[in-house]
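Visitor: Structure below; questions to follow.
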Amino acid sequence: MTTGSFPNTRFRRTKSSDALRRLTAENTLSVDDFIWPVFVRDGENETTAIPSMPGVERLTVDRIVRAAEEAATLAIPAICLFPYTDPSLKTADCAEAWNPDNLTNRAIRAIKAEVPEIAVMTDIALDPYNIDGHDGFVRDGIIVNDETVEALVKMARAQAEAGADILGPSDMMDGRIGALRAALEDDGHVNVAILSYAAKYASAFYGPFRDAVGASGALKSDKKTYQMNPANGDEALRLVERDLREGADMVMVKPGMPYLDICRRVKDAFGAPTYAYQVSGEYAMLKGAAANGWLDGDKVMEESLLSFKRAGCDGILTYFAPAMARILNARKA
């Protein structure tokens, strides 16, 4: 790559007005880029604030339907459901995970009955239902792989039957994508998409999320035996390649901003639909700094989201989805 010399080449020319800056922008944000993660709780017409995630609440199923209506009005394509499970329903066998009438499945059916146009994404992992707080079964202190995959298949079947459009396996067990895809095909759910958490790191940025789903107190030890080592990048490409080969339609890097290099490498290597999750810790940091007046909240929100597009992402799971959608829609009005 070569550029001309000064003064024939002046990079400031294309920065000299708003019109020229817009004409020469390499990346743009759109409402079509967003998946909005929401937290569902039991009860009726109630909300619960999540202190470590300012502005985010757990919502009862009827309130989740209203959130889906809001998303549709804002033209956000999809929401993603995460349940806050009553501690009394958390067990070693995690049977609530595939209960057809668990919180997630009730919310899916309610949304699809009233807001059918919104895509509903779900979470596939055992941690919301596991008394040990892990994404898989714990046997003698070890998170077992193959037995967990069998349970995840039952969970996926229940969610697909309830009407989920996108399944999000976040467990990081080996072989789960192939098993899920085979089950969906066998059951006739051929159009249910899999957005694989293909490169999910054992990160310290998940703390507020674990508060939101009630997993913080339950988790015993850590998740380093199945989530990725933050030191590794090549491994992420191997995992993405495997998941695509096994039947994933889309792949995700999680967390987002600390792993933008991985997003770029994944997109360049495979060209597949690539997503990032701007996780709870990223959200909490920006919201906390804005609340203290240290940063301009709207500006850093937009800048952070644009960084994902620059890194090659096709979309972003972000708690900022409604706020950013309002800004983007107002600009078009």
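Each reported figure results from applying straightforward, stated rules to the coordinates on display, with no laboratory input. Small disclaimer: the values here were computed from a predicted structure and weren't measured. For neighbour counting, all protein chains shown are included, and Cβ atoms are generated from backbone atoms with ideal geometry for every residue, glycine included.
Visitor: Most fluctuating residue of Asp174, Asp165, Asp296 in a GNM of the chain with Cα springs under 10 Å: which is it?
Guide: Among Asp174, Asp165, Asp296, the largest mean-square fluctuation in the Gaussian network model of the chain belongs to Asp296.
Visitor: Considering the convex hull of the alpha carbon atoms of segment 28-332, report its projected area averaged over all viewing directions, in nm², one decimal.
Guide: 14.8
Visitor: What list do you get for Tyr201, Tyr226 if you sort them by fewest beta carbons within 10 Å?
Guide: Listing Tyr201, Tyr226 from fewest to most nearby Cβ atoms yields Tyr226, Tyr201.
Visitor: Using Cα pairs closer than 8 Å and at least 6 residues apart in sequence, work out the relative contact order for segment 28-332, in percent.
Guide: 19
Visitor: Quick one: grab the alpha carbon gyration tensor of segment 169-245, order the square roots of its eigenvalues as a ≥ b ≥ c, and give me rounded if a/c is under 1.5, else prolate or oblate depending on whether a/b is larger than b/c.
Guide: The shape class here is oblate.
Visitor: For segment 1-45, take N as its residue count and report Rg(C-alpha) divided by 2.2 N^0.38 Å.
Guide: Relative to the 2.2 N^0.38 Å estimate, segment 1-45 comes out at 2.31.
Visitor: Around Asn105, under 14 Å between beta carbons, what's the net of Lys plus Arg minus Asp minus Glu among the other residues?
Guide: -1
Visitor: Report, in listed order, any pair from Lys223/Lys254; Lys112/Lys332; Lys224/Lys254; Lys200/Lys299; Lys90/Lys154; Lys90/Lys220 with a Cα-Cα distance greater than 20 Å.
Guide: Lys112/Lys332; Lys200/Lys299
Visitor: Separate question: For Asn99 and Phe270 in the same chain, what is the full-extension length gain: residue separation times 0.36 nm, less their Cα-Cα distance, in nm?
Guide: 58.0 nm
Visitor: In addition: Comparing Ala68, Ala25, Ala198, which has the greatest mean-square fluctuation in the GNM of the chain with Cα pairs linked when under 10 Å apart?
Guide: Among Ala68, Ala25, Ala198, the largest GNM mean-square fluctuation belongs to Ala25.
Visitor: In degrees, nearest 10, range 0 to 90: what is the angle between the Cα axis of helix 260-270 and the longest Cα principal axis of the chain?
Guide: 80
Visitor: Set the Förster distance to 25 Å, then compute FRET efficiency between Arg310 and Asn229 from the Cβ-Cβ distance, nearest 0.05.
Guide: 0.50
Visitor: Which order do peptides 143-151, 229-237, 256-264 fall in by mean Cβ count within 10 Å, highest first?
Guide: My ranking of the peptides, most packed first, is 256-264, 143-151, 229-237.
Visitor: Between Leu20, Leu295, Val144, whose Cα lies farthest towards the positive end of the dipole of the chain when Lys and Arg beta carbons carry +1 and Asp and Glu beta carbons carry -1, centred on the Cα centre?
Guide: Result: Leu20.
Visitor: Find which of Met250, Phe270, Thr225 sits farthest along the positive direction of the dipole of segment 223-279, computed with +1 on the beta-carbon of Lys and Arg, -1 on that of Asp and Glu, about the Cα centre.
Guide: Projecting each Cα onto the dipole axis, the largest value belongs to Thr225.
Visitor: Moving to a separate point now. What residue among Val65, Val115, Val190 shows peak mean-square fluctuation when the chain is described by a Gaussian network model with Cα springs under 10 Å?
Guide: Taking springs between Cα atoms under 10 Å, the residue moving most is Val190.
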